[in-house]
Amino acid sequence: MPKYIVTIGLEVHAQLTTQSKMFCACPVEFGAEPNTLTCPTCLGLPGALPVLNEGAIEKTILTGMMLGCVTPPIVKWDRKNYFYPDMPKNYQITQFDLPLCVGGGVPLYDLAYPKDAQKSIASPGKVVKLTRIHLEEDVAKSTHHDKFTTIDFNRAGTPLMEIVSDPDIDSAEEAFAYLTSLRQILIYGGVSDADMEKGNLRCDVNISLRPEGQTELGAKIELKNLNSMSAVRRAIKYETERQTEALNRGEKLIQSTRRWDDDRGETTLMRTKEDAHDYRYLPDPDLIPLRTESLVARMRPQVPELPHEKRDRFESDYGCSAYDAGVLASEKALAAYYEAAVAADTKVPAKKLANWVINDLLGILKDSEDGITACPVKPEALSALVAFVEDGKISNNQAKEVFAEMFANGGSAGEIIKAKGFEQVSDTGALEAIVEQILAANPDKVAEVKGGNDKAMNWFTGQAMKASQGKANPKIVTDIVRKKVLG
Ligand code: ZN
Ligand code: MN
């Protein structure tokens, strides 16, 4: 049997975070009573005229800038004709030959891959090329019941940004990394909430197989209805196997669209695919072409620090390891939390705070409902807790207990340390008295320490800790023992 090369392209629809719809002033809102956020324009009534939403155009141009795309000097809007109840005017306003952004790419970095695939990345540092990003209107939402279908027009006319990649993705793992990285960048730019579960990021996958040695791509098969990252990965794996088996049986694959069934873990045929010319794209006579020069100039300074730039800065400025910097920069809110903690007290080492955020904070958040933005321990409070450890006032283990308490019931580190009686005795006079007693009672051990036995030294420290009921500062105790025995 021949070996097959898999080629994948992704089309991602991202709902923009605008307050109003693409071509009318109706508000964009999730979860409102059905059909309450509508007007003649977004209902598609005859004669209603569209008016461009400038904010949506700005956000799309900004997205293009974050992804290294170029915005053509003139863009325009086109009608994509089709018949479906979710689009009663029988065309969708979208962009055909002059989209807002062309070219660019999405960087795939190691931590964006699925955890189990991070050790075996085929093309480290790969950047997946983009074809284009265009802006269009969303359609209404149909819900199919047993014997009838209901339609909610609240979603109709919501600004949708469609990000189309080149057929430049080689595996299910790369597709996963692509979506992870793209999501992060959209969130960094504040252009979309990019939450797949909520449907504001929707993904279609184009996948084709061709025998090794053949340059022409195989039949393009489109997968629809992928609404989670894991669904994308599983659907690509399933479809790769299905197509491989079909080709091995001598079947000829034809261009088609298939639906992914997440529960059954398989794809089924929806329709054999129409080509672009079937949609009879034509320029929308209600919307004139747009010059982009001044918009581009306006958006250029708005480009935020991007995830990979933040990663590099966390490594160079804060001494984070590459892994820690990657985790911290992976989410905008997490990065902001970390930086607020670092800024709260510059005497607390940033590297130590990174450990606390990644190991303790993320660990505890994983088991709770709260995300980082609703975290009950504020960055300043975490910094104050770590400062107690750094000053030798409490041990690391005690700090972990205090942290758990802060997370569960609130309160400051200082209050909890006091309430738990964790304050270490650093009063040298009191500690000297304790040590002297122990030394006097154990002359044989004193001799061992003098003979250079480190274990005996530790034994004294342990005894002094015990005598102080765990409150002695171990570092100070060791210093006293050393001074008293060795002089
Ligand atoms: Zn409307
Ligand atoms: Mn589209």
Give me the residue from the range 145-158 that is open to solvent by less than 60 Å² (accessible area, probe 1.4 Å) and assigned to a strand (DSSP E or B) and, out of that set, farthest from ligand 2 (Cβ to nearest atom). 150
Single match in 139, 106 (criterion: hydrophobic (A, V, I, L, M, F, W, C) and either open to solvent by 10 Å² or more (accessible area, probe 1.4 Å) or assigned to a loop (DSSP other than H, G, I, E, B) (or both)): 139
For the range 469-485, check the following and say yes or no: at least one residue is assigned to a helix (DSSP H, G or I) and closer than 24 Å to residue 365 by Cβ. no
Mind checking whether some residue in the range 298-307 is closer than 30 Å to residue 386 by Cα and not in a loop (DSSP other than H, G, I, E, B)? yes
I need a count of the residues in the range 15-32 that are in contact (Cβ under 8 Å) with a residue 24 or more places away in the chain, more than 11 Å from ligand 1 (Cβ to nearest atom) and part of a loop (DSSP other than H, G, I, E, B). 7
Here is a check on your reading of the model: is residue 8 in contact with a strand residue (DSSP E or B) (Cβ under 8 Å, 6 or more places away or on another chain), open to solvent by less than 20 Å² (accessible area, probe 1.4 Å) and more than 17 Å from residue 161 (Cα to Cα)? yes
Restricted to the range 109-136, and to residues that are charged (D, E, K, R) and either in a strand (DSSP E or B) or buried (at least 18 other Cβ atoms within 10 Å of the Cβ) (or both), which residue is nearest to ligand 2 (Cβ to nearest atom)? 136
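For the range 159-231, list the strands (runs of 3 or more DSSP E) that sit wholly inside it and hold at least 1 residues that are crowded, with 17+ Cβ neighbours inside 10 Å and more than 22 Å from the chain's Cα centre (by Cα); which are they?
Output list reads 201-211, 221-226.
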Is it true that some residue in the range 39-59 is among the aliphatic types (A, V, I, L, M), in contact (Cβ under 8 Å) with a residue 24 or more places away in the chain and within 16 Å of ligand 2 (Cβ to nearest atom)? yes
From (1) in contact with a helix residue (DSSP H, G or I) (Cβ under 7 Å, 6 or more places away or on another chain); (2) among the aliphatic types (A, V, I, L, M); (3) within 16 Å of ligand 2 (Cβ to nearest atom); (4) under 30 Å from residue 51 (Cα atoms), pick out the condition that doesn't hold for residue 187. (3)
Only one of 332, 347 is farther than 30 Å from residue 73 by Cα, over 19 Å from the mean Cα position of the chain (by Cα) and modelled with pLDDT under 95. Can you tell me which? 347
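The values are calculated or read from the model by the stated rules, or taken from the named source; none is laboratory data. Keep in mind it's a predicted model, so treat the numbers as computed, not measured. Cβ: placed from backbone, ideal geometry, glycine included. Neighbour counts: every protein chain shown. All accessible areas refer to the heavy atoms of the entire protein, side chains included, with ligands and DNA or RNA removed. Shrake-Rupley method; radii C 1.70, N 1.55, O 1.52, S 1.80 Å.
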